[in-house]
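Down below is the structure, laid out as C-alpha cells.
The values are calculated or read from the model by the stated rules, or taken from the named source; none is laboratory data. Worth saying up front: this structure is predicted, and the values here are computed from it rather than measured. Because the Cβ atoms are built from the backbone with ideal geometry, glycine has one as well, and the counts that use them run over all protein chains shown.
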Amino acid sequence: MYELLQKLHSWWAYLALIVLFIAVVNALIGYASKKSFESKDLRISLFALIFTHVQLLLGLAVFFVSQKGFKAFEIEGAMKNPELRLTMLEHPLINIIAIILITIGWSTHKKAALDAKFKKILFFYGIGLVLILSRLPWKSWLA
C-alpha cells in the first residue's frame, strides 16, 4: 500500500507542478499584457488548484503510513537528521502552507475586480510554487 501511494504521490507531483507553473506563467502574461481575465484563465487557475489539492491529499496519506512521516517523530534524534527532518516536518508543513496560499489566491481572485484577477493569481500561486519547489525532497525525487 505504501509503495503505491508513494509512487502516485511522486508522479502526481509532476502533473501538479506543471499545471501550477502554467497557471503562474498564464497569470504573469495576463497581468503584464493587461488582458481581460477569460474563462480559459479561470480554468487554468482552477485546474492548478485541483491538482495541488489532490497532491496534498496523496501527500497526507503517504505522511501517515510512511516510516519517514508521522512515525518518524518517535525516533530519537530525528530532528538532527536533515533528510528525515525534511520528510517528516519541513516538506509537509511548507507544502500545506503553499496550498493554503494557493487556495487564498483562488478565493481572493473571485472577489477581485477584473483588472486585479491576474495579480491575485500571480501573487498567491507564485509564492505557493516557490514554497513547494523549496521543500521538495530532490535527492529521493530525482533518483
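Could you pull out the residue among Leu122, Leu84, Leu89 that is more than 30 Å from Val65 (Cα to Cα), hydrophobic (A, V, I, L, M, F, W, C) and part of a helix (DSSP H, G or I)?
Numbers: Leu84 fails: more than 30 Å from Val65 (Cα to Cα); Leu89 fails: more than 30 Å from Val65 (Cα to Cα).
Answer to the selection: Leu122.
A residue that is surrounded by 17 or more Cβ atoms within 10 Å (Cβ to Cβ), under 12 Å from the mean Cα position of the chain (by Cα) and part of a helix (DSSP H, G or I) occurs nowhere in the range 26-34. Here is the figure for the range 36-46: residues that are surrounded by fewer than 20 Cβ atoms within 10 Å (Cβ to Cβ) and either in contact (Cβ under 8 Å) with a residue 60 or more places away in the chain or touching a Leu at 6+ places or on another chain (Cβ under 9 Å) (or both) total 2. Summed over the range 2-27, the residues that are in contact with a Phe, Trp or Tyr (Cβ under 8 Å, 6 or more places away or on another chain) and of a type outside the set (S, T, N, Q) give a count of 9. Taken together, the criteria place Ile94 among residues that are modelled with pLDDT of 90 or more and either over 20 Å from Met1 (Cβ atoms) or not hydroxyl-bearing (Ser, Thr, Tyr) (or both).
Total residues in the range 45-79 satisfying the condition of being assigned to a helix (DSSP H, G or I), of a type outside the set (Phe, Trp, Tyr) and more than 16 Å from Ser10 (Cα to Cα): the figure is 10.
The residues on offer are Glu3, Glu38, and the sole one that is over 30 Å from Gly69 (Cα atoms), modelled with pLDDT under 95 and more than 13 Å from the chain's Cα centre (by Cα) is Glu38.
Would you please name the residue that is farthest from Ala113 (Cα to Cα), looking only at residues in the range 41-68 that are small (Gly, Ala, Ser) and under 17 Å from the mean Cα position of the chain (by Cα)? Looking at the filtered set, the residue picked out is Ala61.
Here is a yes/no grid of residues against (1) under 11 Å from the mean Cα position of the chain (by Cα); (2) under 19 Å from Lys35 (Cα atoms):
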position	(1), (2)
Leu86	no, no
Pro92	yes, no
Ile102	yes, no
Thr108	no, yes
Asp115	no, yes
Lys120	no, yes
Phe123	no, yes
Val130	yes, no
Lys139	no, no
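With respect to the conditions (1) over 19 Å from Leu136 (Cα atoms); (2) exposed (fewer than 15 other Cβ atoms within 10 Å of the Cβ); (3) at pLDDT 90 or above; (4) hydrophobic (A, V, I, L, M, F, W, C), Phe73 lacks only one, and its number is (3).
If you take the residues of the range 102-120 that are farther than 17 Å from Val25 by Cα and surrounded by 14 or more Cβ atoms within 10 Å (Cβ to Cβ), which of them is modelled with the lowest pLDDT? Per the criteria, the residue is Ala112.
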